[in-house]
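Participant: I'd like to ask you about the structure that follows.
The values are calculated or read from the model by the stated rules, or taken from the named source; none is laboratory data. None of the values given here were measured: they were computed from a predicted structure. Cβ placement follows ideal geometry from the backbone for every residue including glycine, while neighbour counts extend to all protein chains displayed. Areas reflect the complete protein model, heavy atoms only, side chains present, ligands, DNA and RNA absent. Shrake-Rupley method; radii C 1.70, N 1.55, O 1.52, S 1.80 Å.
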Amino acid sequence: MVTGDGTYIKRINRSLILQKIIEYGMISRADLSKITGLNKATISVQVADLLDEELIYETTQEHHSIGRKPIMLSLNQRVGYVLGIDLDYKTITYTLSDLLGNPVLSDTLELTTPDYEVILEFLKAHIKKYQADCTDSRYGLVGVVIGIHGTVSNDETINFVPQHQWHNKTLKTDLEKGVDVNIHIENNANLCAFAERVFNHHDSDHLLCVTMYSGIGLGIIMDGDLIKGVNGYAGEMGHMIIFPDGNPCKCGNKGCWELYASETSLFTSLNKKGHPGITYDQLERFIYEHDSVVCEEMDHFINHLSVGLNNIINLYNPETIVLNSDVLQIYPEAVEAIENNLHSNVSQYHRLEISTFGKKATVMGACALAAKRFLGVPEITLELASERDILNTQ
Ligand SMILES: [Zn+2]
């Protein structure tokens with residue numbers, strides 16, 4: 001028999017009600033009772049508390065049938081704000097969003113140094129600035145989540161950031177000493193996977209997201225939860241060896257996947273083969289002009305990518321695989337070529353897609369995670385802004 005004290009059960013009920021209000025956008029007390037299985041008295045008490053806290057608001061829905069117009073409940077999305085930060089190699093992107101993940105302000109700034117102390121002060125100053133921007137709302141800035149392009153421990157210390165050569169940095173606690181707001185840090189591939197699930201693939205409980213920029217990262221969602229491993233470092237698939245005795249890697253091994261299938265590896269090869277400094281626009285043009293060198297390098301890139309994907313599919317049997325890459329966004333035909341390489345009697349997946357979010361996925365996932373933490377909901381599903389604008393008239 002499952003038992004629990006009253007406060008605990010109340011908290012569980014509250015989070016379930018709030019989760020359903022977010023999921024449905026607008027919902028009546030009667031429908032909440034039907035969907036959650038909670039009785040009407042419980043719904044009524046909980047809703048009264050949420051209204052007092054201004055976390056939700058009431059509207060009267062227009063309809064043409066006879067009888068009372070139902071009172072609908074929605075999340076008060078601007079009662080507080082969240083800040084998502086993508087701490088990348090050469091840039092920092094900040095996106096302030098409301099509690100439904102709608103971006104309000106966004107900015108990308110150049111990063112000219114890898115020095116930890118300098119970046120720490122830079123982050124503190126900017127978080128304070130965004131906090132000051134939110135003082136008109138009841139709860140202000142309620143949470144910050146920072147995406148790290150490296151390994152993050154389960155206790156939220158940074159284990160290693162290869163591009164900055166950071167080892168064992170306590171960024172969360174160092175920031176919280178100077179800024180009065182909840183701060184969390186998370187690996188960027190995990191945030192990209194979370195963004196895909198929250199904004200795009202609501203029903204996919206077994207989702208993999210492969211980020212393919214300077215290295216390759218993997219965000220793993222299985223049975224609806226992020227899989228992180230005993231230390232928090234799961235998903236470092238860029239360092240899966242696909243060529244024994246291949247090229248040497250910064251990790252100390254040889255022949256790692258990201259040396260052959262990351263965007264950096266593709267551009268490095270193109271630079272060596274007569275296309276120094278090639279841009280994404282030029283790459284797109286060369287692909288569609290069937291430039292022989294570019295087409296050959298793209299074939300290698302896609303084949304190497306497929307080898308790693310085949311291994312990952314065998315490991316996880318995923319429902320959805322999302323590839324987050326600007327190169328693949330400009331060449332969506334690659335999906336068919338990759339799928340043709342993934343014919344095996346064993347490896348199974350349901351769908352393979354290219355992310356439409358691109359590099360924004362990290363801040364989108366960061367904002368969604370900060371909102372989820374503040375609202376205390378077990379799961380959060382959000383609509384992309386353009387779709388939701390039609391639904392919300394407030
Ligand atoms: Zn490696």
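Participant: Out of segment 195-231, which residues are touching a Phe, Trp or Tyr at 6+ places or on another chain (Cβ under 8 Å), away from the ligand (no atom under 15 Å from the Cβ) and hydrophobic (A, V, I, L, M, F, W, C)?
Facilitator: Passing the criteria: ALA195, PHE199, LEU208, ILE220, ILE221, MET222, LEU226.
Participant: Quick check on TYR233: is it over 20 Å from TYR316 (Cα atoms), open to solvent by 20 Å² or more (accessible area, probe 1.4 Å), under 17 Å from the mean Cα position of the chain (by Cα) and hydroxyl-bearing (Ser, Thr, Tyr)?
Facilitator: Values: over 20 Å from TYR316 (Cα atoms): no; open to solvent by 20 Å² or more (accessible area, probe 1.4 Å): yes; under 17 Å from the mean Cα position of the chain (by Cα): yes; hydroxyl-bearing (Ser, Thr, Tyr): yes.
Taking the combined requirement at face value, the residue does not satisfy it.
Participant: Continuing with the same structure: Any residue in segment 255-272 that is within 18 Å of ILE242 (Cα to Cα) and without any contact (Cβ under 8 Å) to a residue 24 or more places away in the chain sitting within a Cβ distance under 8 Å of a residue that is of a type in the set (D, E, K, R) and open to solvent by 10 Å² or more (accessible area, probe 1.4 Å)? List the pairs, counting only those 6 or more apart or interchain.
Facilitator: Between residues of segment 255-272 that are within 18 Å of ILE242 (Cα to Cα) and without any contact (Cβ under 8 Å) to a residue 24 or more places away in the chain and residues that are of a type in the set (D, E, K, R) and open to solvent by 10 Å² or more (accessible area, probe 1.4 Å), the close pairs are GLY255/ASP245.
Participant: Can you work out which of the residues in segment 7-52 that are over 23 Å from ALA368 (Cβ atoms) and among the basic types (Lys, Arg) is least open to solvent (accessible area, probe 1.4 Å)?
Facilitator: So, considering only residues that are over 23 Å from ALA368 (Cβ atoms) and among the basic types (Lys, Arg), the one least open to solvent (accessible area, probe 1.4 Å) is ARG29.
Participant: I'd like to check something: does segment 315-329 contain any residue that is in contact with a Leu (Cβ under 7 Å, 6 or more places away or on another chain) and assigned to a loop (DSSP other than H, G, I, E, B)?
Facilitator: Taking every residue of segment 315-329 in turn, at least one turns out to be in contact with a Leu (Cβ under 7 Å, 6 or more places away or on another chain) and assigned to a loop (DSSP other than H, G, I, E, B).
Participant: Quick one: how many residues across segment 102-112 are in contact with a strand residue (DSSP E or B) (Cβ under 8 Å, 6 or more places away or on another chain), farther than 12 Å from LEU83 by Cβ and surrounded by 15 or more Cβ atoms within 10 Å (Cβ to Cβ)?
Facilitator: Pass one, segment 102-112, residues in contact with a strand residue (DSSP E or B) (Cβ under 8 Å, 6 or more places away or on another chain): 103-111.
Then drop every residue that is not farther than 12 Å from LEU83 by Cβ, which leaves 108-111.
Filter once more, keeping what is surrounded by 15 or more Cβ atoms within 10 Å (Cβ to Cβ): 111.
Final tally of qualifying residues: 1.
Participant: Quick test for you: out of GLU383, GLU297, GLU379, GLU319, pick the one residue that is outside the structural domain of ILE220 (by TED's automatic domain parsing), buried (at least 17 other Cβ atoms within 10 Å of the Cβ) and of a type in the set (Asp, Glu).
Facilitator: Working: GLU297 fails: outside the structural domain of ILE220 (by TED's automatic domain parsing); GLU379 fails: buried (at least 17 other Cβ atoms within 10 Å of the Cβ); GLU319 fails: outside the structural domain of ILE220 (by TED's automatic domain parsing).
Exactly one residue qualifies, and that residue is GLU383.
Participant: Follow-up question, since we're still on this one. Could you pull out the residue among ALA261, ALA234 that is within 13 Å of the ligand (Cβ to nearest atom) and small (Gly, Ala, Ser)?
Facilitator: Details: ALA234 fails: within 13 Å of the ligand (Cβ to nearest atom).
Selected residue: ALA261, the only one of ALA261, ALA234 that is within 13 Å of the ligand (Cβ to nearest atom) and small (Gly, Ala, Ser).
Participant: Next question, about the same structure. Can you name the residue in segment 264-286 that is of a type in the set (A, V, I, L, M) and crowded, with 21+ Cβ neighbours inside 10 Å and, of all such residues, is nearest to the ligand (Cβ to nearest atom)? If you could, list the steps in order and put the result at the bottom.
Facilitator: First, pick out the residues of segment 264-286 that are of a type in the set (A, V, I, L, M): 266, 270, 278, 283.
From what is left, the residues that are crowded, with 21+ Cβ neighbours inside 10 Å are 266, 270, 283.
Numbers: LEU266: 17, LEU270: 21, LEU283: 25 Å.
Among residues in segment 264-286 that are of a type in the set (A, V, I, L, M) and crowded, with 21+ Cβ neighbours inside 10 Å, the one nearest to the ligand (Cβ to nearest atom) is LEU266.
Participant: How about segment 172-192: which of its residues are under 14 Å from GLY232 (Cβ atoms) and aliphatic (A, V, I, L, M)? I'd like the intermediate steps shown before the answer.
Facilitator: If we filter segment 172-192 for residues that are under 14 Å from GLY232 (Cβ atoms), which is where we start, we get 172, 184-191.
Across segment 172-192, the qualifying residues are ILE185, ALA189, LEU191.
For (1) buried (at least 20 other Cβ atoms within 10 Å of the Cβ); (2) closer than 29 Å to HIS164 by Cα; (3) of a type in the set (Asp, Glu), each residue gets a yes or a no:
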position	(1), (2), (3)
GLY252	no, yes, no
SER262	yes, yes, no
PHE301	yes, yes, no
GLU339	no, no, yes
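Participant: A follow-up question, please. Which of (1) touching a strand residue (DSSP E or B) at 6+ places or on another chain (Cβ under 9 Å); (2) charged (D, E, K, R); (3) modelled with pLDDT under 95 does ASP86 not meet, given it meets every other one?
Facilitator: Status for ASP86: all satisfied but (3).
Participant: Checking the conditions here, which among LYS129, LYS124, LYS172, LYS177 is in contact with a helix residue (DSSP H, G or I) (Cβ under 7 Å, 6 or more places away or on another chain) and either modelled with pLDDT under 95 or not small (Gly, Ala, Ser) (or both)?
Facilitator: Working: LYS129 fails: in contact with a helix residue (DSSP H, G or I) (Cβ under 7 Å, 6 or more places away or on another chain); LYS172 fails: in contact with a helix residue (DSSP H, G or I) (Cβ under 7 Å, 6 or more places away or on another chain); LYS177 fails: in contact with a helix residue (DSSP H, G or I) (Cβ under 7 Å, 6 or more places away or on another chain).
The conditions single out LYS124.
Participant: Can you run down the residue pairs with Cβ atoms below 8 Å, 6 or more apart or on separate chains, where the first is in segment 23-52 and in a helix (DSSP H, G or I) and the partner is among the acidic types (Asp, Glu)?
Facilitator: Between residues of segment 23-52 that are in a helix (DSSP H, G or I) and residues that are among the acidic types (Asp, Glu), the close pairs are TYR24/ASP31; LEU51/GLU58.
Participant: All but one of (1) surrounded by fewer than 20 Cβ atoms within 10 Å (Cβ to Cβ); (2) of a type in the set (D, E, K, R); (3) closer than 25 Å to ILE146 by Cα hold for LYS372, so report the exception by its number.
Facilitator: LYS372 satisfies every listed condition except (1).
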